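As structure tokens, the structure follows; a few thoughts come after it.
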């Protein structure tokens, strides 16, 4: 074979390996975040069976919210209604849900990611994950801020450790994840999944 053909084959192989690694990484991430064995607030203690959220959409917005391009997002909201407003995701990954029967999805919008769980005909938001400093919470916290900035914006934390500060509100959690002194991600988490 010619040198050029060998180079092209090598590039194609590298691309295929990278694509496979990316898909495996997303699947692994989804499995770790979506399959928590931690009981949610709506779990029925007597039967061990969890239940999905109930109540009005207004009740589901009682926790911390995330705003992007004029769209307000909150955990447990129906993603089916929000997709037209958010526009096309850079990628969508689907897998069997660990939180409920049906299919769960991961919508990647680059700077943020939305993971869902099924609830009948609805596709509810389980997680909203802010991944870089081009997006921020409505309170002005992005990945460039400090621990002191978070406490100034949100007050005393519900839980705090070296690698996480958590706030609870409306049956959900807002987590600030640290790697050393730097925020590595901001996570809005439904009480249904964790």
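Taking the criterion of being modelled with pLDDT of 70 or more and either in a strand (DSSP E or B) or surrounded by fewer than 16 Cβ atoms within 10 Å (Cβ to Cβ) (or both), would at least one residue in the stretch 38-59 satisfy it?
No, there is no match, as no residue in the stretch 38-59 is modelled with pLDDT of 70 or more and either in a strand (DSSP E or B) or surrounded by fewer than 16 Cβ atoms within 10 Å (Cβ to Cβ) (or both).
Collect the residues in the stretch 137-150 that are surrounded by fewer than 18 Cβ atoms within 10 Å (Cβ to Cβ) and farther than 18 Å from residue 172 by Cα, keeping them in residue-number order.
140, 142, 144, 146, 147, 148, 149 - these are the residues of the stretch 137-150 that are surrounded by fewer than 18 Cβ atoms within 10 Å (Cβ to Cβ) and farther than 18 Å from residue 172 by Cα.
Given the structure, is residue 119 modelled with pLDDT under 95 and surrounded by 15 or more Cβ atoms within 10 Å (Cβ to Cβ)?
yes
Within the bounds of the stretch 83-98, is there any residue that is in contact with a strand residue (DSSP E or B) (Cβ under 8 Å, 6 or more places away or on another chain), under 21 Å from residue 62 (Cβ atoms), buried (at least 21 other Cβ atoms within 10 Å of the Cβ) and touching a residue at least 12 places away in the same chain (Cβ under 8 Å)?
No.
Within the stretch 173-188, can one find any residue that is touching a helix residue (DSSP H, G or I) at 6+ places or on another chain (Cβ under 7 Å) and crowded, with 21+ Cβ neighbours inside 10 Å?
yes
Only one of these conditions is not met by residue 73: (1) surrounded by fewer than 18 Cβ atoms within 10 Å (Cβ to Cβ); (2) touching a strand residue (DSSP E or B) at 6+ places or on another chain (Cβ under 8 Å); (3) closer than 19 Å to residue 191 by Cβ. Which number is it?
If we test residue 73 against (1) surrounded by fewer than 18 Cβ atoms within 10 Å (Cβ to Cβ); (2) touching a strand residue (DSSP E or B) at 6+ places or on another chain (Cβ under 8 Å); (3) closer than 19 Å to residue 191 by Cβ, just (1) comes out false.
Residue by residue through the stretch 115-132, note down the ones that are within 22 Å of residue 179 (Cβ to Cβ) and in a strand (DSSP E or B).
Matches in the stretch 115-132: 115, 127, 128, 129, 130.
Scan the stretch 162-169 and tell me whether some residue there is part of a strand (DSSP E or B), surrounded by fewer than 16 Cβ atoms within 10 Å (Cβ to Cβ), at pLDDT below 95 and touching a strand residue (DSSP E or B) at 6+ places or on another chain (Cβ under 8 Å).
No, that holds for no residue.
The values are calculated or read from the model by the stated rules, or taken from the named source; none is laboratory data. Predicted model only: the values in this text are computed from it and were never measured. Positions of Cβ are generated from backbone atoms using ideal geometry, with glycine treated the same way; all protein chains shown enter the neighbour counts.
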